[in-house]
Amino acid sequence: MTNDYKYPSAYELREVFSSVLDRPFINTFAQGRGIFITNAKSEEMAAELSNFFYEEEDLENLRNEAFQKDDNATLSSFIVNSSYEDFDLKVIYDNIVQSASFDNNLILTALRKPEKDEDVYVGEVEYNKSKVGRIQFL
């Protein structure tokens, strides 16, 4: 039986530690393995941690945490306002979804009513950018 598992390079680990994972997770991860680095900037911490060898379970833990990290940015907001008392919000929402063409990174948020007394609903289009696409390790 052959093992196709490839251990990540120091560069790949350094990139994950420095640009993908947040500092509290990194501190907990390192300290849980008996690694204590004090008074270090994020880049210095990443450089030090990338020199260690980790078990497969540790690497999977890093991958799982990194895959959960992404950036959401609101691209556009819109307001649905109607003077009709019996308008169907679901039909309006479905028409917006059908008439707009969204790629996989665009998310149309649910319409919400900001104030109870108004017939105004607000929605947003968000862009979801994954931070980890360029690193082979992940």
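The values are calculated or read from the model by the stated rules, or taken from the named source; none is laboratory data. Here the structure is a predicted model, which is why all the values come from computation and not from measurement. With ideal geometry, Cβ positions are generated from the backbone for all residues, glycine too; neighbour counts draw on all protein chains shown. When the accessible area is computed, the model is the full protein with side chains, heavy atoms only, and any ligands, DNA or RNA have been set aside. Shrake-Rupley method; radii C 1.70, N 1.55, O 1.52, S 1.80 Å.
For (1) at pLDDT below 70; (2) in a strand (DSSP E or B); (3) assigned by the TED database to the domain that holds Phe25; (4) within 30 Å of Pro24 (Cβ to Cβ), each residue gets a yes or a no:
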| position | (1), (2), (3), (4) |
| --- | --- |
| Glu65 | no, no, yes, yes |
| Asp86 | no, no, no, no |
| Val122 | no, yes, no, no |
| Glu126 | no, yes, no, yes |
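Entry remark, segment 36-52: residues being open to solvent by 100 Å² or more (accessible area, probe 1.4 Å) and in contact (Cβ under 8 Å) with a residue 24 or more places away in the chain number 2 in total.
Between Lys69, Lys90, the distinction of being at pLDDT below 75 and surrounded by 10 or more Cβ atoms within 10 Å (Cβ to Cβ) belongs to Lys69 only.
If the condition is being of a type in the set (Gly, Ala, Ser) and either touching a residue at least 24 places away in the same chain (Cβ under 8 Å) or surrounded by fewer than 15 Cβ atoms within 10 Å (Cβ to Cβ) (or both), then segment 17-35 contributes Ser18, Ser19, Gly32, Gly34.
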